[in-house]
Structure formats: structure tokens, C-alpha cells
1. Can you compute the FRET efficiency between A:R70 and B:S54 using 1/(1 + (r/R0)^6), with r the Cβ-Cβ distance and R0 = 45 Å? Round to the nearest 0.05.
2. Which whole number gives the average, over all residues in A:130-141, of C-beta atoms from other chains lying within 10 Å of the residue C-beta?
3. Checking the table A:K83/A:K163; A:K151/B:K35; A:K163/B:K35 against a 32 Å threshold on Cα-Cα, which pairs fail?
4. How tilted is helix B:3-16 with respect to the longest principal axis of chain B? Cα atoms for both, answer in degrees (0 to 90, nearest 10).
5. Would you compute the Debye intensity of segment A:3-82 from its alpha-carbon atoms alone, equal scatterers and no solvent, and pass along log10 I(q)/I(0) at q = 0.12, 0.19, 0.20, 0.26 Å⁻¹ to two decimals?
Amino acid sequence: MDLLQRFALGEIDAFETLVRQFQGDIYGWIVRIVRDQSIAEDLTVETLWRIYRARQQFRPDGNFAASARRIATNLALDHLRRKRPEQSLLAEPAAAPPSDHLLQRETREKIQQAFCRLPAKLQVAATLALVEEQPYDEIADALGTSVGAVKLRVFRAVRILRKQLNHLGLGPGVART
Amino acid sequence: MTEHDDRQIREALKQSFPPVDTELRRDLWPAVLRKLDVHPARVPWYDWALIGLSTSVFVFFPQLILVFAYHL
């Protein structure tokens, strides 16, 4: 019997195989969005638990990875909606990035603050498209929307960000500061 | 907004958010298993209500047990 069929029937061994196979992908996707390893691990566990709960809805011929990624993205979105803008994304990295000299600390913090004020949906689309440079079709699939809608969200995010940065006194040429 | 501005924003974002390590460092299966144990299948409230109602009926009208048994 197929692995997904066995999983849909509630076989815990089949689920364990799926978890071991896909946990890395799910975690990798979530951590790109939330940018915090501990939170990403918690959300990965939550994603896998939700997948198990909804096992009867999984079609044996369906795409497990795509469904898992969609659930993971929704959970990450919920997390971003819940958290205050000052949290996690503003956390300082353990070591300064090698390109630190390109951007002053203060400027970087202002950009992070402005980014965290974006609506969660725009933030996710912009993070995945602009920071992580993920393919638009994969982002659209994970968000359960079209490529056009993702491009629109990224465009809106950039426009809002530009306005906010201008307001903060970071005009054109911000990347060179 | 020009394409040049757009490119500057992208660059600024990439520099502001350092790359994250996307590799999972530990197996999450034990945590998933724990979560499955923490949330066993719960009996919904209406099932408990039905059980309570049935018990009350059988206590106050024991003759209905025979009617119930007949319909089983």
C-alpha cells in the first residue's frame, strides 16, 4: 500500500516516515518567514500535528509537500500577525553579517522596523520574494494564491516600505548608506 | 517608483536581514509524538451529555432498559 494511503488510514509508522522525509523542508520554509530557529521548530511541530489531524483529507495521489508547505505558511502568517513588531525580526544576529560595513546599524534597524510594520501578508510575500529570493510560483502555491497576487503584494510592500523609509529620513540611495 | 528605487529597496532589505540557517539541526519526531500524546482524541461535550441523559433516564425509568435492549 502507498505511504500516503497508509498515512490517511492513521498508520503511525507511515506518518513517522513522512515526518522524517519532510520535516527539514517544512522547517526551512518556516524559518525563512519567521527568521527565528526556535519559533520555526515549534511551528514545524504544530504543522506536522495539524497534518496528522487532517490525515483523512489527504488524497493518496496528492502532493504532500505542497499541502504541508501551505499549512506551514498559514501558521507562520498567524505567528507574524500575533507577535508585536518589536519581536524576533529585530533580534540581532549572533555574529555581524559580513556585509555589515555596507549598512550602518541604525539604518538597518530602521529598515527592520519599517518592514515589521507591514501587514503580515505583505511581509511574508516580501520576505520570501525579496530577501530569500524564492520563486514566485512556489510562494504563490504556499500562500494559496496566484503569481500575480504575490507580485502585487511584493509591489505594495515595496511601495509602503519606500514611504516609511522616506518618512524616517532614509530616502533614495538607502542601500548605500 | 522607478526600477532603480525598487532595486535599492531589495538591496537594503537583503543587507538588513542576515541570512538564516535553514538546516534543521534536530529530529522533531519525538516532539511531534509528544504533541500527539498531549492531544488524545477527546470525547465531545454532546457525547457526555447524551451519556448523562441516558443514565438519568435508565435510573428513573428502569423499564425503558428493556425497550432499549429490544431495539438493539
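FYI, it's all coordinate maths here, none of it is from the lab. These numbers come from a predicted model, not from an experiment. Every residue, glycine as well, gets a Cβ built from its backbone with ideal geometry; the counts of neighbours run over all protein chains shown.
1. For A:R70 and B:S54, the calculated efficiency is 0.60.
2. Taking the mean over all residues of the peptide, I get 2.
3. A:K151/B:K35; A:K163/B:K35
4. Roughly 70 degrees between the two axes.
5. Taking Cα atoms of segment A:3-82 as identical point scatterers yields -0.31, -0.74, -0.81, -1.22.
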